[in-house]
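Have a look at the structure below before the remarks.
Quick note: the coordinates plus some simple rules give every number you see, no bench work behind them. Model, not experiment: these values are computed from the prediction. Reconstructed Cβ throughout: ideal geometry from the backbone, glycine too, with neighbour counts over all protein chains shown.
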Amino acid sequence: MENEKHLTLTRKAFWDVNFDKLIEQRDAYASFIVRKVFQFGTFEDVRSVTAYYGHEKVIEILKNAEYLPEITLHFASAIFKIDKTEFKCYTKIQQRPFSSKR
């Protein structure tokens, strides 16, 4: 019997897309799925995507994301023990000019 990995997710993070079609094409949409799960999914969803895609790929996706909410950045940094300065979205925040509207 073949040892096949399964991706089991709740629909919590995917209210705005066709969930069934997304899951059917889960390998083509890995980056989208990982980012959505880390932003809006449950902890079990995070565990599932990490198990399915592997630590290396999940870390690569998150480190190269153009944008992650600050809380997501801190969460990913903590669970993977990676300094937040290694994330592309963190370095982009630091490059933004100061705005007096903040």
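If I ask for residues that are free of Cβ contacts under 8 Å to residues at least 24 places away in the same chain, surrounded by fewer than 19 Cβ atoms within 10 Å (Cβ to Cβ) and within 11 Å of the chain's Cα centre (by Cα), which ones from region 26-46 would you list?
Correct list: Phe32 only.
Report yes if Ala13 is assigned to a helix (DSSP H, G or I), small (Gly, Ala, Ser) and under 29 Å from Asp83 (Cα atoms), otherwise no. Answer is yes for this residue.
To keep it simple, each residue is scored yes or no on (1) of a type in the set (A, V, I, L, M, F, W, C); (2) under 29 Å from Thr91 (Cβ atoms).
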| position | (1), (2) |
| --- | --- |
| Thr8 | no, no |
| Phe19 | yes, no |
| Lys36 | no, yes |
| Gly41 | no, yes |
| Glu56 | no, yes |
| Ile59 | yes, yes |
| Pro69 | no, yes |
| Thr72 | no, yes |
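Of the helices (runs of 4 or more DSSP H) lying entirely inside region 29-89, those carrying at least 1 residues that are among the hydroxyl-bearing types (Ser, Thr, Tyr) are 30-40, 43-53, 70-80.
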